[in-house]
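Student: Let me begin by handing over the structure; questions about it come next.
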Amino acid sequence: NNLNINAESAILIDGDTGKILYEKSAYEKRAPASTTKIMTALLALEHCKTTDVATVTSEAITSVPSGYSTDLLKMGEELTIKDLLYALLLPSSNEAANVLAIHIAGSIDSFASMMNTKAMDLGCKNTHFVNCNGLDADGHLTTARDIALMSKELIITYPQIFDYCNIWMENITHKTQKGESEFGLTNTNKLIRQYEYATGLKTGSTGKAKFCVSATGRKGDIDLIAVIMAADDSKARVRDAITLLNYGFGKCQKYTENCLLYTSDAADE
């Protein structure tokens, strides 16, 4: 496995079986940045209908520091869960994460507890969430392996997630007392434009986390999940993800409906 992966942590798994195809420091705890929102989206789809409506509260807005605000959402406006998922997954709105958390659990702290319970249920043993959006916070940590587990659960249980993360741009409607307006959203995940097999899923970057991505890809009937943590910049993050996905697509093929064939490493030498 002489793959030239520059990120500090990485893992590649089969999206159906969870089999690990490559790993590098995959069990080291790190700040996850907005890959946190994978768990937020998972709980949103578990607890809400996409047609449900949530109201933007002052807590949802004021708990996001100004430098981390997309200024997308306005206090008091009402949005469908569908539009909040677009805002969460495309421009990575921290406020949208907060609105979903408060709508589902009553408060951001209560939602973080739900996230931690779900993480334990999924076998994410090295994960502890403090918030729903991934802003740097003491003790807010996970691993490449755990992000891969969350990602696998999301794409298998709610394949409709690809309707939200496998697009480059989308419009959502703002409903306020002043009326309705359209707002354009652009995906932070450059893989969607740059890599033909990309299907999603979520990027993240903060000072502490550096540049992260959980990159899902599909070629034929093979689904892969490549998680990159602590890459030096956004280009390195994309490069590492593509390296892993290409490696995986070169290594495995399905030969019956539920059985995966992996070529042995010995054959590569």
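The values are calculated or read from the model by the stated rules, or taken from the named source; none is laboratory data. What you see is a predicted model, and the numbers here were worked out from it, not measured in a lab. Heads up, the Cβs are rebuilt from the backbone with ideal geometry, glycines too, and the neighbour counts pull from every protein chain shown. Heads up: the accessible areas ignore ligands, DNA and RNA and are worked out on the full protein's heavy atoms, side chains in. Shrake-Rupley method; radii C 1.70, N 1.55, O 1.52, S 1.80 Å.
Student: Considering (1) part of a strand (DSSP E or B); (2) in contact with a Gly (Cβ under 8 Å, 6 or more places away or on another chain); (3) charged (D, E, K, R), say which one Lys152 fails and leave the rest.
Tutor: Here Lys152 clears every test but (1).
Student: Please count how many residues of region 210-247 are hydrophobic (A, V, I, L, M, F, W, C), touching a helix residue (DSSP H, G or I) at 6+ places or on another chain (Cβ under 7 Å) and surrounded by 24 or more Cβ atoms within 10 Å (Cβ to Cβ).
Tutor: Qualifying residue count, region 210-247: 11.
Student: For region 2-14, which positions are closer than 20 Å to Thr127 by Cα, open to solvent by less than 20 Å² (accessible area, probe 1.4 Å) and either in contact with a Cys (Cβ under 6 Å, 6 or more places away or on another chain) or part of a loop (DSSP other than H, G, I, E, B) (or both)?
Tutor: Correct list: Ala7 only.
Student: Which of the strands (runs of 3 or more DSSP E) contained wholly in region 162-248 include at least 3 residues that are at pLDDT 95 or above?
Tutor: The qualifying strands (runs of 3 or more DSSP E) are 198-206, 210-219, 222-231.
Student: Got a sec? Which helices (runs of 4 or more DSSP H) wholly within region 25-96 have at least 1 residues that are touching a strand residue (DSSP E or B) at 6+ places or on another chain (Cβ under 6 Å)?
Tutor: Numbers: elements: 37-47, 58-62, 81-89.
So the answer is 37-47, 81-89.
Student: Keeping to region 92-115, report how many residues are open to solvent by 30 Å² or more (accessible area, probe 1.4 Å) and farther than 13 Å from Glu59 by Cβ.
Tutor: Matching residues across region 92-115 total 3.
Student: Take the conditions touching a strand residue (DSSP E or B) at 6+ places or on another chain (Cβ under 8 Å), farther than 20 Å from Asn171 by Cβ and either open to solvent by less than 20 Å² (accessible area, probe 1.4 Å) or of a type outside the set (Lys, Arg) (or both) and apply them to Asp136. Does it pass?
Tutor: So Asp136 fits the description; yes.
Student: Out of Thr188, Thr173, Thr206, I need the residue that is crowded, with 17+ Cβ neighbours inside 10 Å, in contact (Cβ under 8 Å) with a residue 60 or more places away in the chain and touching an Asp or Glu at 6+ places or on another chain (Cβ under 6 Å). Which one? Talk me through it step by step, then tell me what you get.
Tutor: On the way: Thr188 fails: touching an Asp or Glu at 6+ places or on another chain (Cβ under 6 Å); Thr173 fails: crowded, with 17+ Cβ neighbours inside 10 Å.
Being crowded, with 17+ Cβ neighbours inside 10 Å, in contact (Cβ under 8 Å) with a residue 60 or more places away in the chain and touching an Asp or Glu at 6+ places or on another chain (Cβ under 6 Å) holds for just one of Thr188, Thr173, Thr206, which is Thr206.
Student: With respect to Glu196, determine if the residue is free of Cβ contacts under 8 Å to residues at least 24 places away in the same chain, more than 26 Å from Thr70 (Cα to Cα) and out of contact with any helix residue (DSSP H, G or I) (no Cβ under 9 Å at 6 or more places or on another chain).
Tutor: So Glu196 fits the description; yes.
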